[in-house]
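What follows is a short report on a single structure.
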Amino acid sequence: MQMQKTSTSSEVLFRSEVAVVAGLKTFASCPVPLDAIVNKEVDADGNEDYWVLLSTSPVADPILGRRDYALRTTIEERHRQLKCFSDLEAFSSRSFNLIVNQVVFVLLTYSLLQWYLLRSGRKELNPKTRTRTLDLLRPTTTVILIYYQAYVACLSPLEHQELVLTLDEEARKKILAKTRSLRRGLANQLSNPRAP
């Protein structure tokens, strides 16, 4: 079988050829017959590079086997993310039930997040770590709402700053006094919270 890709640069793949060698029994330590997918890469200068994939299952179509092998890097990256960034590398308990629960819930969380990214059209976030993905999913818009009687103004922080800076001196002093009063009141509320 042969796959072709044309290019003018010698660094880019010009042609790929694949073939299957079925039922290999060359390894004394492996009693199972192997199928080999032999790959030949040819660049624009005619340089050839061979590499082989071995499979214990029969290979009907070597192009499909080669395509499946291309998924390896994605699978390994996902495994690395689960192990290193999803709390699966260390267990704080020695209880088997707690360890099983931790693994199940981490994998469930990971699967649900991947499902959400797929359904919401954000597949580009899949290779990112969980922390980075959640950072990118958080809303990033800041809006300031100003209510007066029956009216509402929806302003960005820069629009609000421009509005305040263009007020006359008397209006600016009123806003400054009200802002300081609100800030003091909020600070007192946070330091002395009431019990529910």
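The values are calculated or read from the model by the stated rules, or taken from the named source; none is laboratory data. What you see is a predicted model; the values in this text were computed from it and never measured. No Cβ is skipped: glycine too gets one built from the backbone with ideal geometry, and neighbour counts run over all protein chains shown. Side chains included, ligands, DNA and RNA excluded: accessible areas come from the protein's heavy atoms. Shrake-Rupley method; radii C 1.70, N 1.55, O 1.52, S 1.80 Å.
Values for this structure:
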item: Among (1) assigned to a helix (DSSP H, G or I); (2) open to solvent by 100 Å² or more (accessible area, probe 1.4 Å); (3) out of contact with any helix residue (DSSP H, G or I) (no Cβ under 9 Å at 6 or more places or on another chain), the one test that ARG132 misses; result: (3)
item: When residues of segment 76-103 are limited to those that are aliphatic (A, V, I, L, M) and modelled with pLDDT under 85, the one most open to solvent (accessible area, probe 1.4 Å); result: ALA90
item: Segment 81-99 residues that are more than 20 Å from ARG130 (Cα to Cα), paired with ones that are open to solvent by 80 Å² or more (accessible area, probe 1.4 Å) (beta carbon under 7 Å, 6 or more apart); result: ILE99/PHE91
item: Where VAL106 falls short, out of the listed (1) under 30 Å from ILE175 (Cα atoms); (2) surrounded by 10 or more Cβ atoms within 10 Å (Cβ to Cβ); result: (1)
item: Index of the failed condition, GLU169 passing every other in (1) at pLDDT 85 or above; (2) within 30 Å of ARG78 (Cβ to Cβ); result: (2)
item: Pairs with Cβ under 6 Å, 6+ apart, first in segment 151-170 and within 13 Å of THR141 (Cβ to Cβ) and aliphatic (A, V, I, L, M), second at pLDDT below 90 and assigned to a strand (DSSP E or B); result: LEU155/ILE144
item: Odd one out for LEU167 among (1) part of a loop (DSSP other than H, G, I, E, B); (2) open to solvent by 70 Å² or more (accessible area, probe 1.4 Å); result: (2)
item: Counted residues, segment 135-164 - those being β-branched (Val, Ile, Thr), out of contact with any strand residue (DSSP E or B) (no Cβ under 7 Å at 6 or more places or on another chain) and surrounded by 11 or more Cβ atoms within 10 Å (Cβ to Cβ); result: 1
item: Segment 28-44, residues that are surrounded by 10 or more Cβ atoms within 10 Å (Cβ to Cβ) and in a loop (DSSP other than H, G, I, E, B); result: CYS30, PRO33, ALA44
item: Options THR73, THR56: the member that is out of contact with any helix residue (DSSP H, G or I) (no Cβ under 6 Å at 6 or more places or on another chain), over 23 Å from PRO127 (Cβ atoms) and either aromatic (Phe, Trp, Tyr) or loosely packed, with under 11 Cβ neighbours inside 10 Å (or both); result: THR56
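Conditions tested, residue by residue: (1) of a type outside the set (Asp, Glu); (2) part of a loop (DSSP other than H, G, I, E, B); (3) under 30 Å from VAL32 (Cα atoms); (4) out of contact with any strand residue (DSSP E or B) (no Cβ under 9 Å at 6 or more places or on another chain).
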{"site": "TYR69", "(1), (2), (3), (4)": "yes, no, yes, no"}
{"site": "ALA90", "(1), (2), (3), (4)": "yes, yes, no, yes"}
{"site": "ARG94", "(1), (2), (3), (4)": "yes, yes, no, yes"}
{"site": "PHE105", "(1), (2), (3), (4)": "yes, no, no, yes"}
{"site": "TYR110", "(1), (2), (3), (4)": "yes, no, no, yes"}
{"site": "LEU113", "(1), (2), (3), (4)": "yes, no, no, yes"}
{"site": "TYR116", "(1), (2), (3), (4)": "yes, no, no, yes"}
